[in-house]
Amino acid sequence: MNNKLDILAIGAHPDDVEIGMGGTLALHAAKGYKTGIVNLTKADLSSNGTVEKRQEESDEAARRLSVTKVVQLDFPDRGLMNCRREVIEKLSELIREYRPKLVFAPNITDRHPDHTHTGELVKEAVFNAGIYKYNQHLGEAHKAESLYFYQINGFMEPDVVVDVSDYIEDKIQALKAFGSQFNTTDKTVATPLTDHYLERVRAREQVMGQLTGVRYGEGFKTSGPLGMTDLVREEQS
(Lines give C-alpha, C1' and ligand atoms only; values in the text may rest on other atoms or scores of the structure.)
Protein backbone atom coordinates (compact mmCIF):
# COMPACT_ATOMS: atom_id res chain seq x y z
CA MET A 1 0.00 0.00 0.00
CA ASN A 2 1.30 3.44 -0.95
CA ASN A 3 0.91 5.76 2.04
CA LYS A 4 3.14 8.47 0.62
CA LEU A 5 2.08 12.06 1.27
CA ASP A 6 3.31 15.23 -0.40
CA ILE A 7 2.62 17.40 2.66
CA LEU A 8 2.60 16.38 6.32
CA ALA A 9 1.39 19.11 8.69
CA ILE A 10 1.86 18.55 12.42
CA GLY A 11 0.13 20.34 15.28
CA ALA A 12 -0.15 20.05 19.04
CA HIS A 13 -3.96 20.12 19.08
CA PRO A 14 -6.82 19.50 16.67
CA ASP A 15 -7.41 22.90 14.94
CA ASP A 16 -3.77 24.10 15.11
CA VAL A 17 -2.95 23.08 11.55
CA GLU A 18 -6.26 24.35 10.23
CA ILE A 19 -5.72 27.76 11.83
CA GLY A 20 -2.16 28.09 10.60
CA MET A 21 -2.36 26.66 7.09
CA GLY A 22 -5.84 25.43 6.21
CA GLY A 23 -5.82 27.40 2.98
CA THR A 24 -2.49 25.94 1.92
CA LEU A 25 -3.80 22.42 2.50
CA ALA A 26 -6.94 23.11 0.46
CA LEU A 27 -4.90 24.68 -2.34
CA HIS A 28 -2.55 21.73 -2.66
CA ALA A 29 -5.34 19.18 -2.38
CA ALA A 30 -7.05 20.92 -5.29
CA LYS A 31 -3.83 20.58 -7.28
CA GLY A 32 -3.90 16.83 -6.71
CA TYR A 33 -1.32 16.59 -3.94
CA LYS A 34 -1.82 14.24 -1.00
CA THR A 35 -1.91 16.01 2.35
CA GLY A 36 -1.87 14.77 5.92
CA ILE A 37 -2.37 16.12 9.44
CA VAL A 38 -0.88 14.78 12.66
CA ASN A 39 -2.31 16.00 15.99
CA LEU A 40 0.00 15.19 18.90
CA THR A 41 -2.63 15.54 21.64
CA LYS A 42 -6.41 15.29 21.92
CA ALA A 43 -6.51 18.74 23.56
CA ASP A 44 -8.05 17.26 26.68
CA LEU A 45 -7.25 20.40 28.70
CA SER A 46 -9.22 22.72 26.41
CA SER A 47 -11.65 24.95 28.28
CA ASN A 48 -14.56 24.08 26.00
CA GLY A 49 -15.83 20.92 24.36
CA THR A 50 -14.88 17.30 24.93
CA VAL A 51 -12.20 15.06 23.45
CA GLU A 52 -14.88 13.10 21.61
CA LYS A 53 -16.50 16.22 20.16
CA ARG A 54 -13.15 17.68 19.17
CA GLN A 55 -12.33 14.48 17.26
CA GLU A 56 -15.60 14.68 15.33
CA GLU A 57 -14.87 18.30 14.51
CA SER A 58 -11.34 17.46 13.41
CA ASP A 59 -12.60 14.79 11.03
CA GLU A 60 -15.15 17.18 9.53
CA ALA A 61 -12.58 19.97 9.15
CA ALA A 62 -10.24 17.58 7.33
CA ARG A 63 -13.06 16.58 5.01
CA ARG A 64 -13.74 20.24 4.18
CA LEU A 65 -10.06 20.73 3.32
CA SER A 66 -9.87 17.46 1.33
CA VAL A 67 -7.09 16.19 3.58
CA THR A 68 -5.95 12.69 2.62
CA LYS A 69 -4.98 11.40 6.07
CA VAL A 70 -5.43 12.45 9.70
CA VAL A 71 -3.39 10.81 12.46
CA GLN A 72 -4.64 11.46 15.99
CA LEU A 73 -2.05 10.72 18.67
CA ASP A 74 -2.60 10.73 22.43
CA PHE A 75 0.36 12.46 24.02
CA PRO A 76 -0.46 14.55 27.12
CA ASP A 77 -1.83 18.03 26.59
CA ARG A 78 0.63 20.50 28.19
CA GLY A 79 3.03 17.63 28.77
CA LEU A 80 4.85 17.08 25.49
CA MET A 81 8.28 17.79 26.90
CA ASN A 82 7.72 15.21 29.63
CA CYS A 83 7.78 12.54 26.93
CA ARG A 84 10.13 14.24 24.51
CA ARG A 85 11.91 11.09 23.38
CA GLU A 86 8.68 9.21 22.73
CA VAL A 87 7.23 12.10 20.71
CA ILE A 88 10.34 12.43 18.56
CA GLU A 89 10.45 8.69 17.91
CA LYS A 90 6.77 8.56 16.93
CA LEU A 91 7.09 11.56 14.63
CA SER A 92 10.22 10.09 13.05
CA GLU A 93 8.31 6.86 12.46
CA LEU A 94 5.40 8.72 10.83
CA ILE A 95 7.74 10.75 8.63
CA ARG A 96 9.38 7.52 7.49
CA GLU A 97 5.99 5.89 6.90
CA TYR A 98 4.40 8.73 4.92
CA ARG A 99 7.64 10.01 3.35
CA PRO A 100 6.45 13.59 2.79
CA LYS A 101 8.21 16.06 0.54
CA LEU A 102 7.31 18.93 2.86
CA VAL A 103 6.78 18.97 6.61
CA PHE A 104 5.03 21.80 8.48
CA ALA A 105 5.04 22.61 12.21
CA PRO A 106 3.98 25.48 14.50
CA ASN A 107 6.31 28.46 14.66
CA ILE A 108 8.58 28.24 17.68
CA THR A 109 7.79 31.83 18.73
CA ASP A 110 4.08 31.15 19.28
CA ARG A 111 2.76 32.24 22.69
CA HIS A 112 1.40 28.77 23.55
CA PRO A 113 4.10 26.49 25.00
CA ASP A 114 2.60 23.39 23.36
CA HIS A 115 2.94 25.05 19.97
CA THR A 116 6.55 26.08 20.48
CA HIS A 117 7.43 22.66 21.86
CA THR A 118 5.78 20.97 18.89
CA GLY A 119 7.84 23.06 16.49
CA GLU A 120 11.04 22.09 18.30
CA LEU A 121 10.10 18.40 18.46
CA VAL A 122 9.15 18.25 14.80
CA LYS A 123 12.43 19.88 13.80
CA GLU A 124 14.37 17.21 15.67
CA ALA A 125 12.16 14.40 14.33
CA VAL A 126 12.64 15.56 10.73
CA PHE A 127 16.39 15.47 11.29
CA ASN A 128 16.36 12.06 12.97
CA ALA A 129 14.08 10.50 10.35
CA GLY A 130 16.79 11.09 7.76
CA ILE A 131 19.56 9.37 9.71
CA TYR A 132 20.16 5.90 8.28
CA LYS A 133 21.14 4.25 11.56
CA TYR A 134 18.61 6.05 13.78
CA ASN A 135 16.17 3.49 15.20
CA GLN A 136 16.01 1.40 12.05
CA HIS A 137 13.02 -0.50 13.42
CA LEU A 138 11.00 2.67 12.81
CA GLY A 139 11.33 2.26 9.05
CA GLU A 140 13.58 3.23 6.19
CA ALA A 141 15.28 6.61 6.58
CA HIS A 142 13.61 9.53 4.82
CA LYS A 143 14.79 13.11 4.36
CA ALA A 144 12.00 15.61 3.76
CA GLU A 145 12.89 18.26 1.21
CA SER A 146 11.85 21.20 3.41
CA LEU A 147 10.51 22.07 6.85
CA TYR A 148 8.24 25.09 7.20
CA PHE A 149 6.76 26.75 10.29
CA TYR A 150 3.23 28.19 10.34
CA GLN A 151 1.77 30.75 12.74
CA ILE A 152 -1.21 29.95 14.96
CA ASN A 153 -1.42 32.93 17.31
CA GLY A 154 -0.42 36.47 16.50
CA PHE A 155 1.55 37.63 13.48
CA MET A 156 5.04 36.90 12.19
CA GLU A 157 7.24 38.27 9.45
CA PRO A 158 7.08 35.46 6.88
CA ASP A 159 9.84 34.08 4.70
CA VAL A 160 7.26 32.64 2.30
CA VAL A 161 3.65 33.63 1.58
CA VAL A 162 1.30 31.21 -0.16
CA ASP A 163 -1.54 32.79 -2.14
CA VAL A 164 -4.72 31.26 -0.68
CA SER A 165 -7.13 33.83 -2.10
CA ASP A 166 -9.25 31.16 -3.78
CA TYR A 167 -9.27 28.97 -0.67
CA ILE A 168 -9.82 31.37 2.22
CA GLU A 169 -13.47 30.36 2.44
CA ASP A 170 -12.50 26.68 2.56
CA LYS A 171 -10.23 27.53 5.47
CA ILE A 172 -12.92 29.47 7.33
CA GLN A 173 -15.46 26.71 6.77
CA ALA A 174 -12.97 24.16 8.11
CA LEU A 175 -12.46 26.27 11.23
CA LYS A 176 -16.22 26.60 11.68
CA ALA A 177 -16.32 22.82 11.98
CA PHE A 178 -14.69 23.34 15.40
CA GLY A 179 -17.89 24.73 16.86
CA SER A 180 -16.99 23.71 20.40
CA GLN A 181 -13.99 26.05 20.24
CA PHE A 182 -15.27 29.07 18.33
CA ASN A 183 -19.02 29.22 19.04
CA THR A 184 -20.44 30.73 22.22
CA THR A 185 -23.31 29.61 24.43
CA ASP A 186 -24.36 30.41 27.97
CA LYS A 187 -22.04 27.60 29.12
CA THR A 188 -19.00 28.67 27.11
CA VAL A 189 -15.81 29.51 28.99
CA ALA A 190 -14.35 32.71 27.56
CA THR A 191 -11.05 32.12 25.73
CA PRO A 192 -9.18 33.91 22.92
CA LEU A 193 -10.88 31.48 20.51
CA THR A 194 -14.36 32.69 21.48
CA ASP A 195 -13.53 36.38 21.02
CA HIS A 196 -14.10 36.95 17.28
CA TYR A 197 -11.15 34.68 16.54
CA LEU A 198 -12.22 33.71 13.03
CA GLU A 199 -12.51 37.37 12.09
CA ARG A 200 -8.96 37.94 13.30
CA VAL A 201 -7.70 34.94 11.33
CA ARG A 202 -9.28 36.30 8.16
CA ALA A 203 -7.81 39.75 8.82
CA ARG A 204 -4.36 38.29 9.42
CA GLU A 205 -4.41 36.36 6.16
CA GLN A 206 -5.52 39.53 4.38
CA VAL A 207 -2.48 41.36 5.77
CA MET A 208 -0.27 38.42 4.75
CA GLY A 209 -1.70 38.63 1.27
CA GLN A 210 -1.01 42.35 1.04
CA LEU A 211 2.68 41.66 1.61
CA THR A 212 2.83 39.94 -1.78
CA GLY A 213 0.01 41.73 -3.61
CA VAL A 214 -2.74 39.09 -3.31
CA ARG A 215 -6.07 39.14 -1.47
CA TYR A 216 -5.26 36.49 1.11
CA GLY A 217 -2.07 34.68 2.02
CA GLU A 218 -0.67 32.29 4.60
CA GLY A 219 2.82 33.02 5.85
CA PHE A 220 5.56 30.58 6.74
CA LYS A 221 9.04 30.63 8.20
CA THR A 222 11.65 28.36 6.68
CA SER A 223 14.10 26.25 8.65
CA GLY A 224 16.94 27.31 6.36
CA PRO A 225 17.75 28.99 3.03
CA LEU A 226 15.67 27.95 0.03
CA GLY A 227 17.75 26.73 -2.90
CA MET A 228 16.83 27.76 -6.44
CA THR A 229 18.24 27.05 -9.89
CA ASP A 230 16.00 29.31 -11.97
CA LEU A 231 15.14 32.69 -10.45
CA VAL A 232 13.02 33.75 -13.43
CA ARG A 233 10.83 30.67 -13.21
CA GLU A 234 10.44 31.05 -9.46
CA GLU A 235 9.31 34.67 -9.91
CA GLN A 236 6.72 33.59 -12.47
CA SER A 237 5.28 30.72 -10.39
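So the values come out like this:
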{"quantity": "Residue list for segment 46-66, restricted to those being among the small types (Gly, Ala, Ser) and under 18 Å from residue 23 (Cβ atoms)", "calculated": "58, 61, 62, 66"}
{"quantity": "Inter-residue pairs, beta-carbon under 6 Å, first over 14 Å from residue 204 (Cβ atoms) and in segment 19-35, second of a type in the set (Phe, Trp, Tyr) and buried (at least 19 other Cβ atoms within 10 Å of the Cβ), 6+ apart", "calculated": "26/167; 27/167"}
{"quantity": "Residue within segment 17-40 that is of a type outside the set (A, V, I, L, M, F, W, C), more than 28 Å from residue 191 (Cα to Cα), part of a helix (DSSP H, G or I) and within 17 Å of the chain's Cα centre (by Cα) present", "calculated": "yes"}
{"quantity": "Residue list for segment 19-36, restricted to those being closer than 16 Å to residue 170 by Cα and touching a Ser or Thr at 6+ places or on another chain (Cβ under 8 Å)", "calculated": "25, 26, 28, 29, 30, 35"}
{"quantity": "Condition check for residue 40: of a type outside the set (S, T, N, Q), farther than 18 Å from residue 144 by Cα and in contact (Cβ under 8 Å) with a residue 24 or more places away in the chain", "calculated": "yes"}
{"quantity": "Residue within segment 65-76 that is among the polar types (S, T, N, Q), assigned to a helix (DSSP H, G or I) and touching a residue at least 40 places away in the same chain (Cβ under 8 Å) present", "calculated": "no"}
{"quantity": "Matching residues, segment 156-169, being surrounded by fewer than 21 Cβ atoms within 10 Å (Cβ to Cβ) and out of contact with any Ser or Thr (no Cβ under 8 Å at 6 or more places or on another chain)", "calculated": "157, 165, 166, 169"}
{"quantity": "Leading residue by the ranking (modelled with the highest pLDDT) among those in segment 41-59 that are in a helix (DSSP H, G or I) and within 16 Å of residue 11 (Cβ to Cβ)", "calculated": "59"}
{"quantity": "Test: residue in segment 138-155 that is more than 30 Å from residue 85 (Cβ to Cβ), modelled with pLDDT of 95 or more, in contact with a strand residue (DSSP E or B) (Cβ under 9 Å, 6 or more places away or on another chain) and surrounded by 20 or more Cβ atoms within 10 Å (Cβ to Cβ)", "calculated": "no"}
{"quantity": "Identity of the residue in segment 165-181, of a type in the set (S, T, N, Q) and farther than 14 Å from residue 16 by Cβ, that ends up nearest to the chain's Cα centre (by Cα)", "calculated": "173"}
{"quantity": "Selection from segment 204-231 of residues that are farther than 25 Å from residue 143 by Cα, surrounded by fewer than 13 Cβ atoms within 10 Å (Cβ to Cβ) and of a type in the set (Gly, Ala, Ser)", "calculated": "213"}
{"quantity": "Extreme residue, surrounded by the fewest Cβ atoms within 10 Å (Cβ to Cβ), among residues of segment 84-130 that are among the hydroxyl-bearing types (Ser, Thr, Tyr) and touching a residue at least 12 places away in the same chain (Cβ under 8 Å)", "calculated": "109"}
{"quantity": "Segment 156-192: number of residues that are among the basic types (Lys, Arg) and in contact with a strand residue (DSSP E or B) (Cβ under 9 Å, 6 or more places away or on another chain)", "calculated": "1"}
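Condition check ((1) closer than 27 Å to residue 50 by Cα; (2) in contact (Cβ under 8 Å) with a residue 60 or more places away in the chain; (3) among the aliphatic types (A, V, I, L, M)) across all residues:
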{"residue": "161", "(1), (2), (3)": "no, no, yes"}
{"residue": "170", "(1), (2), (3)": "yes, yes, no"}
{"residue": "180", "(1), (2), (3)": "yes, yes, no"}
{"residue": "192", "(1), (2), (3)": "yes, no, no"}
{"residue": "197", "(1), (2), (3)": "yes, no, no"}
{"residue": "204", "(1), (2), (3)": "no, no, no"}
{"residue": "208", "(1), (2), (3)": "no, no, yes"}
{"residue": "212", "(1), (2), (3)": "no, no, no"}
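The values are calculated or read from the model by the stated rules, or taken from the named source; none is laboratory data. Remember, predicted model here, so these are calculated numbers, not experimental data. As a convention, Cβ positions derive from the backbone with ideal geometry for all residues, glycine included, and neighbour counts pool all protein chains shown.
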